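Heads up, the thing below is written out as structure tokens.
The values are calculated or read from the model by the stated rules, or taken from the named source; none is laboratory data. Not measured: the values here are computed from a predicted model. Glycine gets a Cβ as well: all are built from the backbone with ideal geometry, and neighbour counts include every protein chain shown. What goes into the accessible areas is simple: the full protein's heavy atoms, side chains included, and nothing from ligands, DNA or RNA. Shrake-Rupley method; radii C 1.70, N 1.55, O 1.52, S 1.80 Å.
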Amino acid sequence: QVELAESGGGLVQPGGTLRLSCAASGRNSPFYSMGWYRQFPGGQRAMVAKITADGTTTYADSGKGRFIISRPPTDVTGYLQMNALTAEDSGVYYCFYKGSQTFWGRGTQVTVSS
């Protein structure tokens, strides 16, 4: 079982920055990748960014050039630096950890508003 502790969400003005973090604990599962999904009002989730065990990163088109996902090579804590935020980035962000199965965090709210 893997538990994910998320932090870093909140309210920010347009153009501002936020840094999300996701710390995995209780691991007895291999690690393949981790990252974030965002949930839209209708309930659908879409990937925002992910990073694999070998450090390969993938971003949704909406975040390319603005978001940076990282993970210390000897740790399983992920970070998502979000820059130049817009109202369209608002939503609940869920951290995931993909191992023998996919584990999910409880979500953190990101609100971009003036």
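Any chance you could count how many residues in segment 64-73 are assigned to a loop (DSSP other than H, G, I, E, B) and open to solvent by 60 Å² or more (accessible area, probe 1.4 Å)?
Of the residues in that region, 3 qualify.
So which residues in segment 12-34 are open to solvent by 70 Å² or more (accessible area, probe 1.4 Å) and either farther than 15 Å from residue 109 by Cα or of a type outside the set (D, E, K, R) (or both)?
Those that are open to solvent by 70 Å² or more (accessible area, probe 1.4 Å) and either farther than 15 Å from residue 109 by Cα or of a type outside the set (D, E, K, R) (or both): 13, 14, 17, 27, 28, 32.
Somewhere in segment 74-91, is a residue under 18 Å from residue 5 (Cα atoms), open to solvent by 30 Å² or more (accessible area, probe 1.4 Å), of a type outside the set (Phe, Trp, Tyr) and part of a strand (DSSP E or B)?
Checked against the condition, which is being under 18 Å from residue 5 (Cα atoms), open to solvent by 30 Å² or more (accessible area, probe 1.4 Å), of a type outside the set (Phe, Trp, Tyr) and part of a strand (DSSP E or B), segment 74-91 yields at least one hit.
From the list 43, 9, which residue is at positive phi and either open to solvent by 30 Å² or more (accessible area, probe 1.4 Å) or modelled with pLDDT of 95 or more (or both)?
Only one candidate passes the filter, namely 43.
Just the residues that are within 14 Å of residue 6 (Cα to Cα) and either acidic (Asp, Glu) or surrounded by 14 or more Cβ atoms within 10 Å (Cβ to Cβ) (or both), please, taken from segment 92-114.
Within segment 92-114, 92, 93, 94, 95, 96, 97, 103, 104, 105, 107, 108, 110 qualify.
Going through segment 43-63 one residue at a time, which ones are under 16 Å from residue 107 (Cα atoms) and assigned to a loop (DSSP other than H, G, I, E, B)?
Once the filter is applied, which keeps residues that are under 16 Å from residue 107 (Cα atoms) and assigned to a loop (DSSP other than H, G, I, E, B), segment 43-63 yields 43, 44.
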